[in-house]
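Asker: The structure that follows is given in the form of structure tokens.
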Amino acid sequence: MDKIIYTTNISNLTYGRGYVYSLQYHIVWCTKYRKKVLLDGIDNEIKDYLNDLAKEYSFSIMAMEVMPDHIHILVDCKPQFFPSDMIKILKGNTARWLFMKHPELKKQLWGGHLWNPSYCIVTASDRSYDQVKQYIDSQKTR
């Protein structure tokens with residue numbers, strides 16, 4: 001019986017002080033009531049803002065697409081960064097920023113909440129990374 005050994009692509013590893021890692025997460029979250037409010041240039045504004053947040057909090061956005069009622073994002077982060085904390089940062093900051101920049105959105109959403117409280121997070125491996133990235137990049141053309 002042949003033994004199959006899977007190795008990590010060395011170039012995809014990140015080196016920290018005393019540790020080496022490769023952690024990517026595919027995260028999806030939706031607007032409240034799946035309301036299609038991320039339109040008319042707001043989608044591009046959110047992309048810019050999320051890229052700024054990533055720089056501020058030291059994680060990398062590998063792929064991102066903002067749909068009218070949800071967001072797909074593929075992030076690479078340090079192992080010290082809990083995924084749930086990252087999601088709170090992403091959702092909380094974008095909601096506050098977007099409501100300040102576009103107060104008319106509050107009128108379209110009952111209760112004044114932008115995001116549904118739930119989310120989906122899936123780890124991406126060396127073998128699935130390209131598939132996940134291609135899936136996110138093709139969202140607008142589906």
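The values are calculated or read from the model by the stated rules, or taken from the named source; none is laboratory data. Values in this document were obtained by computation on a predicted structure and should not be read as measured data. Please note that ligands, DNA and RNA were not included when accessible areas were found on the heavy atoms of the full protein model with its side chains. Shrake-Rupley method; radii C 1.70, N 1.55, O 1.52, S 1.80 Å.
Asker: Kindly report the accessible area of the chain per residue (heavy atoms of protein chains, probe 1.4 Å, no ligands, DNA or RNA), in Å².
Answerer: Values: 8820 Å² over 142 residues.
So the chain comes to 62 Å² accessible per residue, rounded to a whole number.
Asker: Still on this structure, please answer the following. For every helix of n ≥ 4 consecutive DSSP H residues, a contribution of -39,500 (n - 2.57) applies; sum these over the chain, divide by its total residues, and give [θ] at 222 nm rounded to the nearest 500 deg cm²/dmol. Walk me through the numbers on the way to the answer.
Answerer: Working: 4 runs with 49 residues, N = 142.
Computed ellipticity for the chain at 222 nm equals -11000 deg cm²/dmol.
Asker: Quick check: the angle from helix 83-101's long axis to the longest principal axis of the chain, C-alpha only, nearest 10 degrees?
Answerer: The helix 83-101 is inclined about 30 degrees to the chain.
Asker: Same structure again: Determine the share of the chain's accessible area contributed by carbon and sulfur atoms, expressed in whole percent, with a 1.4 angstrom probe.
Answerer: On the way: 4620 of 8820 Å².
In the chain, the share of accessible area belonging to carbon and sulfur is 52 percent.
Asker: Which of the lysines could be linked to LYS35 by a straight reach, that is with a Cα gap under 28 Å, when you skip same-chain ones fewer than 8 residues away?
Answerer: Of all the lysines, those that pass the test against LYS35 - Cα under 28 Å, at least 8 places apart if same chain - are LYS47, LYS88, LYS91, LYS101, LYS106, LYS107, LYS133, LYS140.
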